[in-house]
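The values are calculated or read from the model by the stated rules, or taken from the named source; none is laboratory data. Being a predicted model, the structure only gives us computed values, none of them experimental. In this analysis, Cβ positions are derived from the backbone assuming ideal geometry, glycine residues included, and neighbour counts consider all displayed protein chains.
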Amino acid sequence: MDKHYRIGQLAALTGLTQRTIRYYDELGLLKTHDRTQGGQRLYSDADLIYIKRIMELKALSFSLDEISHIIRLGDEDESGEKRRSALLEGYKAKLEAALEKRRRLDEEVESLEWHVRQLEGSVGFKECPGSLCQSCSFKAGCSFREG
């Protein structure tokens, strides 16, 4: 038998606020429609699993619209193939974006390391002398060097 949780219990189990859970409910991301005699919504173990999946996907930069689309695919396809395909496509897109972000970050780190080495190896600090570029030990990474 499914266990049922009141919103406060579900919030405590997930670390989300009650407001966030209500918002997910309004968006149709949760499936439970059970209520107490007093009209309070009761959430199921399935809702707990959906919330954990939502949190995981959000941590991987999926938007709530993307998550909603993926969840709704389950209503269209009992086999789960549409949802699996959508998740796979989404994960691949997020991976590609993350790899590009890492590439840009690696370039920034390399540039910062170069500047640190340059300043640590110099005496004093003055503008680039220009005419001394040919003998400069940092010329390979310098954006101010002459032709």
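Just the residues that are small (Gly, Ala, Ser) and either more than 25 Å from Tyr91 (Cβ to Cβ) or surrounded by 19 or more Cβ atoms within 10 Å (Cβ to Cβ) (or both), please, taken from segment 5-19. Within segment 5-19, Gly8, Ala11, Ala12 qualify. Every listed requirement among (1) surrounded by 11 or more Cβ atoms within 10 Å (Cβ to Cβ); (2) among the hydrophobic types (A, V, I, L, M, F, W, C); (3) not assigned by TED's automatic domain parsing to the domain that holds Ala11 is met by Leu48 save one, (3).
So which residues in segment 20-59 are under 27 Å from Gly90 (Cα atoms) and among the charged types (D, E, K, R)? Passing the criteria: Arg22, Asp25, Glu26, Lys31, Asp45, Asp47, Lys52, Arg53, Glu56, Lys58. Answer yes if at least one residue in segment 29-40 is of a type in the set (Gly, Ala, Ser), over 21 Å from the mean Cα position of the chain (by Cα) and in a helix (DSSP H, G or I), and no otherwise. Looking for residues that are of a type in the set (Gly, Ala, Ser), over 21 Å from the mean Cα position of the chain (by Cα) and in a helix (DSSP H, G or I), one finds none in segment 29-40, hence no. Within segment 56-95, being surrounded by fewer than 16 Cβ atoms within 10 Å (Cβ to Cβ) and aliphatic (A, V, I, L, M) holds for Ala59, Leu60, Leu64, Leu88, Ala93, Leu95.
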